[in-house]
Amino acid sequence: MTSLATENFAAEVRRLRANPATGRIDLSGRNFAGQRLEKLDLGACNLSGCDFSDTTIIDCDFSGSNLAGSLFQRARVGGSKFRSVEMSGADLEGADFGGADFTDANLSGADLRKTNLKDAILEGAKLGGADFLLTIMPDGSVYEPQTHGGTLVRSAGAGRHLKILLTMPTWTDDLGGFSKIGRIRNPQIPLGLLYLATIAENHGHHVTFIDCDVEGVTIDELTRRTVASGFDLVGLSATSPIFHKAVTAADRIKAALGAKVKIIVGGDHVNIFGTNVFFDCFDFLAIGEAEETWPEFLEAFASGATDYSGIDGIAWRRDGQVVRNKPRRIFPDLDKLPLPAVHLSRMKQYRMSFALWKNRNIGKYVSIMMSRGCPFKCSFCSESSDVKYDGEVAKMRYRSAENIADEMEAHYRNYGIKHFFFMDSNITLKKKHTVDLCNEIIKRKLPITFEGWTRANLINDEMMALLRRAGLVRLSCGVESGDPEVLKIIKKDVPQEATREFFRLCEKHGVEAMCSAMLGSPGETKASVRRTIQFLDSIPELLFTNFSIANPYPGTEMLKWAREGKYGLRLRYDELSKYTRYDDSPIEVNDLTAKDLVRYQALGLIKIHLRPRRFIAAIRMLGFAPLVPIFIKMVLKVVRGGREMLWAFLSTSRPGKEYVAPAPAKLS
């Protein structure tokens with residue numbers, strides 16, 4: 001018997017179909033969880049991002065519809081048609097699709113774990129990147145690795161189809177005690193790998209993407225899955241703090257598979273050090289921006305090439321000798337980048353948490369890029385020091401406003417994604433570009449929200465109002481220090497009044513205001529740290545800040561200064577595997593020892609977030625239960641600091657009162 005809910009919904013669909021002006025019926029984002037849908041014609045509808053969890057679906061026709069990114073967990077589907085549907089990235093885990101017709105459907109990147117596909121029709125279906133773990137296949141067998149493969153629809157040229165794994169080891173370990181929160185709250189999508197995934201798929205290859213942080217995949221698990229899946233090529237991306245993990249992963253994969261699998265590695269660390277990090281566990285290095293290098297390399301690799309000398313931007317071995325080819329030019333036209341293969345990611349696990357209650361319903365999101373490069377010269381940032389790939393400066397390049405809006409609209413239409421995180425360090429650097437993008441979003445009436453970073457002195461009331469109208473819900477800036485002298489040294493000379501005005505504008509326009517700050521910068525002293533804590537605490541509109549210990553990363557001016565002992569810096573160690581921004585410090589500076597830095601960091605985080613509004617914001621963003629042990633740990637650090645920490649706490653509570661240490665430390 002058809003339920004009343006089904007009858008009402010069927011009537012709505014019939015009404016929409018009867019209106020020729022309606023066009024493609026948009027039902028995206030609907031919640032059908034737990035309902036019963038029977039004998040409904042839902043063909044040629046936009047149902048992206050809908051929730052069909054625990055739903056009973058009988059004899060419905062979804063043919064030609066867009067179901068990308070929808071949830072079908074534990075759904076029971078009997079005799080329904082899904083011909084030519086778009087279901088890339090859909091979550092079908094544990095659902096019963098026995099006997100369903102998926103002819104010519106696109107299930108690329110879908111989660112089909114523990115799904116019943118017995119007697120289902122998969123003729124012509126695209127299954128690249130789908131996860132079939134313990135899936136009951138149409139012939140009744142239970143899927144085991146290497147038993148079944150996806151149907152590839154594009155040509156790989158003269159070569160063979162490759163099974164490719166793209167991954168990046170966990171990066172949240174350098175968050176110290178905050179690492180667990182970093183994995184489950186506001187995880188970051190590795191956008192660069194997903195560009196490469198799209199390029200590989202467009203050349204007919206089967207790509208699997210594993211986000212080790214989001215999926216909680218250890219190096220042992222990554223090795224096991226690589227061995228079980230029989231990949232031809234593994235692509236690893238790694239920044240400097242996690243490069244040792246990429247080496248460990250490659251070592252273990254090679255130990256298990258030997259020459260059966262080839263490994264290529266790229267990322268910031270490789271860009272900086274080049275062949276100095278070409279270890280035996282790697283077969284190739286991709287140096288510089290890889291979007292043009294990648295398709296050329298794949299074509300050669302798939303055809304069984306032994307000579308890679310004609311491919312710019314890679315390093316390889318000829319008869320055991322390292323060969324570094326000509327440098328690859330920077331990617332000139334960012335509008336020519338493909339859409340990132342977000343369908344290969346576990347989209348449901350990328351969710352943002354917010355400080356303000358009004359934003360609580362913002363769910364899954366994707367990262368997006370506006371530009372590449374940075375014109376500033378901050379001494380602590382490798383991107384800001386004229387990043388060079390073999391001498392070529394990676395200058396500022398922008399995607400057009402239309403191109404960015406196209407990507408936003410595609411993600412919304414295809415996957416029901418309504419929130420975007422701009423990975424750029426500054427979304428207001430080029431005023432006209434920012435204005436054009438906002439106007440493009442408004443013109444298209446896209447029901448989306450977004451967030452990003454800026455520099456406090458590069459935004460005004462008019463621009464903030466336009467950004468808010470276009471969908472801005474959160475904006476962050478790098479305050480870094482509350483001491484003007486430290487800001488000059490680190491080349492982040494933004495006036496304090498500009499910073500205060502930034503937070504006032506955010507509050508005025510209803511935008512969540514956050515910032516980053518550091519301690520342990522070149523020239524830092526105990527007094528300057530206290531001034532930073534006092535300054536941040538004095539900004540009433542500030543909702544949340546991360547207060548990290550400055551690390552001298554490779555490629556930065558700060559590392560050079562630390563090795564030279566400049567500005568009071570003393571390098572304790574430069575083993576990147578030990579770098580952490582919260583539990584220890586690789587440097588000491590002036591009268592601040594490593595223990596002092598850890599204690600002042602704890603003091604600052606407690607002091608700044610003790611105000612009721614910020615305390616509530618922290619709970620909403622990070623969760624109460626995860627915060628309790630972290631808070632206790634920070635309190636203990638402060639207590640161990642004795643009288644000095646107590647007096648520092650009290651002095652930062654009294655604006656205008658400079659703290660005087662009872663026994664000043666001798667500066668080195």
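Things worth noting here:
- Tensor-based shape of segment 496-573 (alpha-carbon gyration tensor, a/c under 1.5 rounded, otherwise prolate or oblate): prolate
- Cα gyration tensor category, rounded, prolate or oblate, for segment 209-308 with a/c compared to 1.5: oblate
- Seen from residue 440, the other residues with C-beta closer than 12 Å to its C-beta sum to a net charge of -1, counting Lys and Arg as +1 and Asp and Glu as -1.
- The chain, helix-only ellipticity at 222 nm - DSSP H runs n ≥ 4, -39,500 (n - 2.57), divided by all residues, nearest 500: -9500 deg cm²/dmol
- Within-10-Å neighbourhood charge of residue 39 [Cβ basis; K, R +1; D, E -1]: -4
- Cα-based shape type of segment 243-363, given that a ≥ b ≥ c are square roots of the gyration tensor eigenvalues and the cut on a/c is 1.5: prolate
- 55, 198 arranged by Cβ crowding within 10 Å, fewest neighbours leading: 198, 55
- A simple charge model with +1 on the Cβ of Lys and Arg, -1 on the Cβ of Asp and Glu and nothing else charged puts the dipole of the chain at about 2040 debye relative to its Cα centre.
- Of the residues 378, 281, the one with the fewest other Cβ atoms within 10 Å heads the list, and the complete ranking is 281, 378.
- Net +/- balance of residues flanking residue 371 in space, Cβ distance below 11 Å, scoring K and R +1, D and E -1: +4
- For 548, 240, order by how many other beta-carbon atoms lie within 10 Å, fewest first: 548, 240
- For the pair residue 119 and residue 259 in one chain, pulling the backbone fully straight at 0.36 nm per residue adds 46.5 nm over the alpha carbon distance.
- FRET efficiency for residue 307 and residue 244, using Cβ-Cβ distance with R0 set to 25 Å, rounded to 0.05: 0.20
Laboratory data are not the source of any read-out in this text; all were calculated from the coordinates shown. This is a predicted model, so every value here is computed, not measured. FYI the Cβ positions are ideal-geometry reconstructions off the backbone, even for glycines, and counts take in every protein chain you see.
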